[in-house]
Amino acid sequence: MSNPRSQRLTYCGNVHAATTVDGFIDSLERHAAPVAVVARQQGREFGLGSWWPAPLAHAIAHDEAQRARVRLAMERLSLPLWTLNVFPHGDFHGRVVKTAVYEPDWTTEERLSYTRDCAEAAAALAAPGSVVPLSTLPLGFRSPGELVDLRLAARNLVRAASMLAAIRERTGVHCVLALEPEPFCVLDRAAAAGDFLERFLFDEGAWPTVPEAVLRAHLGVCVDLCHAFVVGEDPLAAIADLRARGIEVPKVQVSSCLEVRSQAGLDELLAFAEPRYLHQTVAATGLRALDLVDVATERTEFEAALLRGPLRTHYHMPLWWDQDGAFGSTRRELERALVGISALREPPLCEVETYTWSVLPAAMRDAPMSSLLARELDFAAKLLRC
C-alpha cells in the first residue's frame with residue numbers, strides 16, 4: 001500500500017491550540033492557509049497535517065453541521081486533508097503535559113474510541129481514494145514497575161484495523177494507523193515497533209478473525225526523526241528494515257533534537273528545561289533521564305557519560321537551528337535523513353513536527369507563526385527535493 005504520489009510535505013497541526021471547531025477553522029485561516037500559499041508559490045502541493053483533541057474529533061465525527069463547517073472551510077481555503085496526528089488525546093497545550101500525553105494508552109477503550117472518531121472524521125473530509133496516515137502512540141508509557149498488557153493492546157489494534165478496513169470499504173478512504181516510537185515508551189525504536197507488529201499481530205494464526213492482509217494494510221510505523229536521534233537509531237536503516245519486512249511506513253515526522261557534545265555544553269542544555277513538555281535524555285553510554293530536571297539531579301553521572309560521547313534530548317527544535325561547539329542540535333543527521341528519504345522510490349509523507357515554539361527562546365520564534373512554519377517547510381523541501 002505505498003502511495004504512488006510524489007513526495008508530500010506538510011506540518012503537524014499539534015502546533016495549534018485548537019480545541020473547538022471554531023478554533024480549528026481559525027487556525028486554518030490564520031496559519032495553514034498562508035503556509036499553503038507560500039508552498040504553492042514555490043511549486044509544491046500542500047495538504048493538512050491535522051491534530052484534533054478528543055472533544056474536537058468527536059464533534060467532527062458525529063455532528064453533521066459542525067463537520068459541514070469544517071469541510072466548507074477546507075474547500076474555501078483549498079486545504080485537503082493529508083494526515084492526522086492521533087497521538088495526543090487531550091490538551092496538548094495545557095500548563096503541564098509531560099507524561100499525560102501518553103494517556104489513555106492502547107489497552108483502553110478510550111484510546112480506541114478516540115482513534116475511531118479521528119478515522120471517521122478523516123474519511124468524511126478526505127477525498128475518496130486518499131491514503132491518510134494516522135500516527136499514534138507506541139502502545140503507552142513505560143512506567144517504572146508497571147507493565148503494559150501487550151496482548152490487550154494488540155487486540156485493540158486489531159479492532160482498529162478492522163474498523164479502518166470497514167471505513168475504507170464504505171468511503172474509499174484508506175487510513176493507516178502508524179505506531180510512533182518514542183523514548184521511554186513501550187516501543188522506543190522503529191525496530192521494536194516492527195517486532196511487536198510481527199509477533200503480536202501479523203504472524204500466521206495470531207488473529208484468525210482478521211486476515212493478515214487487512215492488518216498489514218491498516219497498521220504500520222511512523223518514524224519520528226527526533227525520537228530516532230535521541231535513542232541512536234538510524235532512521236534510514238529503520239525505514240529500510242521495516243519495508244523489507246513488508247511493514248508500512250506511511251509517514252515520517254521531521255524534527256531535530258538537542259545535542260550536548262562535551263561537558264561544556266551541559267549548562268546550555270539545562271537552560272532549556274521548562275514545565276510543559278517531557279524532554280527525555282539519552283547519553284551515548286546508555287545513561288538515561290526522563291526529563292531535564294533529572295539530568296540536573298544526576299549531573300555528575302551525565303558529565304562522566306559525556307567523556308564517552310554525546311547526549312541527546314527530546315526537544316523538537318526548529319529544523320534550521322544548530323550551532324558549533326559543545327551544544328547544538330542534530331541538524332546534520334536530519335539533513336542526511338531527508339536527503340536519503342528523497343532518494344527512496346516511494347517516499348513516505350513527511351510532516352514537520354516543530355510544536356515547541358511556545359517554550360523555545362524568544363529569539364527563535366520572533367515572527368508570525370505562519371512565517372515560522374513556512375521557513376521550516378522550505379528548509380525540508382530543499383533537502384527532500386520537492
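The values are calculated or read from the model by the stated rules, or taken from the named source; none is laboratory data. Computed from a predicted model, the values in this text were never measured in an experiment. Virtual Cβ from ideal backbone geometry, glycine too; neighbours counted across all protein chains shown.
Some points to look at:
- The helices (runs of 4 or more DSSP H) found entirely in region 286-373 that carry 2 or more residues being among the hydrophobic types (A, V, I, L, M, F, W, C) and under 27 Å from A33 (Cβ atoms) are 331-342.
- Any hit, region 241-261, residues being touching a helix residue (DSSP H, G or I) at 6+ places or on another chain (Cβ under 7 Å) and free of Cβ contacts under 8 Å to residues at least 24 places away in the same chain: no
- Any hit, region 103-112, residues being touching a His at 6+ places or on another chain (Cβ under 9 Å), in contact (Cβ under 8 Å) with a residue 12 or more places away in the chain, part of a loop (DSSP other than H, G, I, E, B) and under 24 Å from E212 (Cα atoms): no
- Residue within region 109-127 that is of a type in the set (V, I, T) and at pLDDT 95 or above present: yes
- Among residues of region 360-386 that are in contact (Cβ under 8 Å) with a residue 12 or more places away in the chain, those with a Cβ under 6 angstrom from a residue that is acidic (D, E) and surrounded by 15 or more Cβ atoms within 10 Å (Cβ to Cβ), sequence gap 6+ or separate chain, pair up as L383/E335.
- Taken over region 38-67, the criterion of being over 24 Å from E353 (Cα atoms), charged (D, E, K, R) and surrounded by fewer than 16 Cβ atoms within 10 Å (Cβ to Cβ) is satisfied by D63, E64.
- Residue within region 230-249 that is part of a strand (DSSP E or B), over 20 Å from F87 (Cα atoms) and within 18 Å of the chain's Cα centre (by Cα) present: no
- In the set (1) of a type in the set (D, E, K, R); (2) free of Cβ contacts under 8 Å to residues at least 60 places away in the same chain; (3) loosely packed, with under 15 Cβ neighbours inside 10 Å, R95 fails one condition alone, (2).
- Strands (runs of 3 or more DSSP E) fully within region 115-226 counting 2 or more residues that are farther than 23 Å from P53 by Cα: none
- When P235 is tested against the conditions (1) within 13 Å of H316 (Cβ to Cβ); (2) in contact with a Leu (Cβ under 6 Å, 6 or more places away or on another chain), the lone failure is (1).
- Looking only at region 123-140, and only at residues there that are of a type in the set (A, V, I, L, M, F, W, C) and in contact with a Cys (Cβ under 6 Å, 6 or more places away or on another chain), the one that is nearest to M74 (Cα to Cα): V132
- Any chance S262 is modelled with pLDDT of 95 or more, within 18 Å of E333 (Cβ to Cβ) and surrounded by fewer than 19 Cβ atoms within 10 Å (Cβ to Cβ): yes
- Subset of region 144-173 (residues that are of a type in the set (G, A, S), at negative phi and in contact (Cβ under 8 Å) with a residue 40 or more places away in the chain): A153, A154, A160, A161, S162, A165
- Here A206, A178 are screened, and the one residue that is among the aliphatic types (A, V, I, L, M), under 17 Å from A161 (Cβ atoms) and modelled with pLDDT under 95 is A206.
- Taken together, the criteria exclude F24 from residues that are of a type in the set (F, W, Y) and either exposed (fewer than 14 other Cβ atoms within 10 Å of the Cβ) or in contact with a Lys or Arg (Cβ under 8 Å, 6 or more places away or on another chain) (or both).
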